Every structure is written in structure tokens, then in C-alpha cells.
Amino acid sequence: MNFELSDEQLQIKMSVREFAESEIAPYALEWDESQHFPDELRPKLAELGLFGVIFPEQYGGAGMGYVEYSTIIEELGRVCGAVGLSVAAHNSLCSNHIYMFGTEEQKQKYLVPLTQGESWGAWGLTESMAGSDASGTRTTAVGTDGGWKVNGSKNFITHAISCHTLVAVAVTDKDKGNKGISAFIFDKSMPGFRPDKKENKVGMRASETASVVFEDCFVPTENLLGNAGEGFLQAMQVLDGGRISIASLSVGIAQGAYEAAVKYAKEREQFGRPIADFQAIQFKLADMATQIECARLLTLQAAALKDAGKKVTKQSAMAKMYASEVAVRVSEESVQIHGGYGYTKDYPAEKYWRDSKLCTIGEGTSEIQRIVIAKQILR
Ligand code: CAA
């Protein structure tokens, strides 16, 4: 068993770290405050291959595996959760759904521009009445001449406004429950496709989250992904991979919060010495470091199993649940170590804390991850 990244993986990690520290970190708070994902960052991310990390070169991707992907998302999360979240949603939700279930034609038409950074991806499963209960989808797609007419809406969608391509599910046969849900590729230019309310979020503010409304939106037959009725199952399989990215993002946020706490503890003096000299602080740092290592190992294990072609439903849910809860605990401790300064925007601790919370909710809450894990144990 090898617990170390290869030289090549380490090189990828370090080049993303260098990029993140120079091109993202200095502006992260500004983008957070203005709730703005910078347009100028996209070509730079594309140049690094970050829009097609896990896809083969024949589709314009970087041809990497989930282990590399995990280290990349971790490095982005270490400096800015929102940028990490946007890159993750683009890769492992929208693009991966098309890669896993699309036809060759669909891949050429939609996946290639996504991996090249020419188009921006979004993925729509959640609705106002179908959050944790994903099979409670109410958006409908009714067969019509040459395609489908879609009506309904999707909520909490990353890039709902700025996306060019959206993969979303709709009910095509309401009598068949989750076997009556289908997945479609939407093009933003389709008449009847309308982005709606942008959420004013607590954290991850530079990563846009909004609703989408479909009003008699016509989707041609060739935009159906796989067969009618397979959309729910496809979405569950897409989430198996997506949850590895949220686990990786959580590890990155925790790592960034922890490093900020170590730095501050060494610099800040009270009672005539650095607060790092006090055992109360040392114990906190020791617990934080240990939990981050555990979360990282669990996440990389899920990533390595995914690369080996194994089913990762249980491992990705475990990694996502554990790592996201670690991110919340570690970033809260980081705020605590920073004391009063931690509660201000003069230090990065508060942003890690705000960003971390999304990770226990998005792509399935911690409670849903426990359901997924228990189902796998007991089936
Ligand atoms: N792989 C393969 N098959 C799977 C599967 C998986 N990961 N998960 C479920 N299935 C299969 C089951 O085996 C079952 O098959 P059969 O009917 O043949 O037995 C079928 O799918 C139905 O599964 P369940 O009975 O477990 O379904 P359920 O209705 O009880 O729901 C759930 C299960 C785990 C709670 C699921 O609804 C779920 O994951 N909910 C959370 C959804 C979520 O994460 N939402 C966030 C999306 S993010 C977003 O939309 C916006 C964005 O921009 C990020």
C-alpha cells in the first residue's frame, strides 16, 4: 500500500498550489464580498486543464484520474472554497454526466466545449420540493414532435445564470416513480429556458447559485441522455463521483483554515509568549491536523477506488460526510484560535468557516450520506 502521491501527482498538486496562491488567494475575499466569479479567471483555469480534469484527451480533457482531481480540488479549496466548488460542479456533475451517459455525438457537441472552457456547465437535480428526496422531481418533460416540452424549475443550481450547458432531470412517466425520470441536455439559448433568483448565500459566495425555470422549453430528442426513465439512476451514479469532489473541497478548506490557525498561533502573543506555547492551543492544533489527515486518507481512498473502476457509493458518501464535518469543526476551531480577530474579515478564518458549511449540505446532506452508507451496509 502506498500512501504517497507519485512525483507526477505531486507536481500537479504543486503547480495548482502555485497558481491558486498567486491568481486566486489575493482576490478571494473581494470576489466573496461582491458575489462574483471573475470572468478573467476562466481562461486561466482552462489553460491549466481544470475544466476537463477527469476526461480523456479525445474529448479535450486532461486525461487525469480522480486522485489527481482530488488533489486539484483540495488545492483550490485551500485558498478559496467558491472557486473549488465551481470547478467541481463543472467537472464532476455537468460534464461527467454527459461523459458517462452521453452518445459520441453529444460528447463532441457538448463535452468538448465544456472541457475546453468554452462553455460553462451546470447540473440540475434539486427542486423546491425535491431536495433530499431527489426522486420527488416535479419538473415534467412531455413527448412532442421531435422532442420533449419541459415545464418546471430547479433550485440551488451552481451556475444557473452563467452556464451555457445544463444537464437536468424531469419526469417523463409519472406512474413509474424514480424509473420515470429522464435526463436531458439543455442549451442556455433554448427558448423557454430562464435563469431565475440568485441566492444570497452565507458562504461560497463567488460561486453563483440560482434557480432555473423551464416554460414550455423544447428539448430535441437527441438531447435525451441514455434512455427515457434512466435519469434518476444516472444522477445517483454521477453523485457517487461528485461527492469525492466535495470531500476533496472540504479537505482543502480544512487545510487552509488549519494553516491560518498555525500561523496566527505562532505570531500572536499573550501573557508574554506566542499562544502556540499554550497546551490549550496545541491540543486544538493536534486534533485539527489529525482529523484533516483522516479526511484526506478517506477521500483519496475513494478516489483511488474510483480510478480502479470500483463502485464507490459507500466510500464517496463516507468521505463526503466525514470530510465535510471535519471542515466545519476545523474551521470553527480556527476562528476560535484567532479569537476576536477570527470574527472579522481581516483574517481568512471566518471565510473558511462560512464556506465549510455548504459542504455538509450540497450534493446530499450529512444525513443523506448516512442513509446512503447504511443502505450499502445493510443491503
Ligand atoms: N448507484 C447505482 N444505483 C443506485 C445508486 C447508486 N449510487 N443509488 C441508488 N441506486 C438505485 C437503487 O439501487 C435503487 O434501484 P432499484 O429501484 O432497482 O432497487 C434505485 O436507485 C432507487 O434507490 P433508492 O431506493 O435508494 O432511492 P430513494 O428515493 O430512497 O433515494 C437517496 C435515495 C440516497 C436519498 C437519494 O434520493 C439522494 O441521493 N438524495 C440526495 C440528493 C442530492 O444529493 N442532491 C443534491 C444535488 S446537487 C444539485 O442539484 C445542484 C448543484 O448545482 C450542485
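The values are calculated or read from the model by the stated rules, or taken from the named source; none is laboratory data. Since the structure is predicted, the reported quantities are computational estimates derived from the model, not experimental observations. Positions of Cβ are backbone-derived with ideal geometry, glycine not excepted, and every protein chain shown enters the neighbour counts. Remember, those area values only see protein heavy atoms, side chains included, never the ligands or the DNA or RNA. Shrake-Rupley method; radii C 1.70, N 1.55, O 1.52, S 1.80 Å.
Worth pointing out:
- Scanning segment 231-267 for residues that are open to solvent by 50 Å² or more (accessible area, probe 1.4 Å), without any contact (Cβ under 8 Å) to a residue 60 or more places away in the chain and over 30 Å from residue 99 (Cα atoms) yields 263, 266, 267.
- Flag for residue 374 being touching a residue at least 24 places away in the same chain (Cβ under 8 Å) and closer than 25 Å to residue 133 by Cβ: no
- Boolean, residue 127 is among the acidic types (Asp, Glu) and surrounded by fewer than 17 Cβ atoms within 10 Å (Cβ to Cβ): no
- Residue list for segment 17-39, restricted to those being farther than 18 Å from residue 209 by Cα and either touching a residue at least 40 places away in the same chain (Cβ under 8 Å) or assigned to a loop (DSSP other than H, G, I, E, B) (or both): 17, 20, 21, 24, 25
- Of the listed requirements (1) more than 12 Å from residue 170 (Cα to Cα); (2) touching an Asp or Glu at 6+ places or on another chain (Cβ under 9 Å), residue 97 misses just one: (2).
- Residue match in segment 273-280 (condition: part of a strand (DSSP E or B) and over 16 Å from residue 74 (Cβ atoms)): yes
- Filtered by the rule that a residue be within 18 Å of residue 138 (Cα to Cα) and in a strand (DSSP E or B), segment 191-209 gives 193, 194, 195, 196.
- Subset of segment 208-230 that is polar (S, T, N, Q) and touching an Asp or Glu at 6+ places or on another chain (Cβ under 9 Å) - its residue that is surrounded by the most Cβ atoms within 10 Å (Cβ to Cβ): 209
- Here residue 274 fulfils each of the conditions (1) within 26 Å of the chain's Cα centre (by Cα); (2) on the phi < 0 side of the Ramachandran plot apart from (1).
- Some residue of segment 303-313 being within 16 Å of the ligand (Cβ to nearest atom), among the β-branched types (Val, Ile, Thr), within 30 Å of residue 373 (Cα to Cα) and open to solvent by less than 50 Å² (accessible area, probe 1.4 Å): yes
- Test for residue 373: is it under 15 Å from the mean Cα position of the chain (by Cα), surrounded by fewer than 24 Cβ atoms within 10 Å (Cβ to Cβ) and within 16 Å of the ligand (Cβ to nearest atom): no
- Hey, residue 95 in contact (Cβ under 8 Å) with a residue 24 or more places away in the chain, of a type outside the set (Val, Ile, Thr) and within 16 Å of the ligand (Cβ to nearest atom) or not: yes
- Those residues of segment 93-115 which are among the hydroxyl-bearing types (Ser, Thr, Tyr) and open to solvent by less than 30 Å² (accessible area, probe 1.4 Å), in sequence order: 95, 110, 115
- Residue identified as away from the ligand (no atom under 16 Å from the Cβ), under 22 Å from residue 95 (Cα atoms) and either assigned to a loop (DSSP other than H, G, I, E, B) or not polar (S, T, N, Q) (or both) among 238, 212, 262, 219: 219
- Residue tally, condition at pLDDT 95 or above, open to solvent by 50 Å² or more (accessible area, probe 1.4 Å) and either among the aromatic types (Phe, Trp, Tyr) or on the phi > 0 side of the Ramachandran plot (or both), over segment 1-57: 1
- The condition of being within 9 Å of the ligand (Cβ to nearest atom) and either more than 20 Å from the chain's Cα centre (by Cα) or farther than 19 Å from residue 239 by Cβ (or both) holds for only one of 151, 155, 178, that being 178.
- Checked against (1) in contact with a Ser or Thr (Cβ under 7 Å, 6 or more places away or on another chain); (2) under 17 Å from residue 211 (Cβ atoms), residue 167 passes all but a single condition, namely (1).
- Residue 256 within 18 Å of the chain's Cα centre (by Cα) and not basic (Lys, Arg): yes
- In segment 319-348, residue nearest to residue 254 (Cα to Cα) [restricted to those that are open to solvent by 50 Å² or more (accessible area, probe 1.4 Å) and among the basic types (Lys, Arg)]: 329
- Within segment 349-369, the set of residues being open to solvent by 40 Å² or more (accessible area, probe 1.4 Å) and near the ligand (Cβ under 10 Å from one of its atoms) comprises 358, 361, 367.
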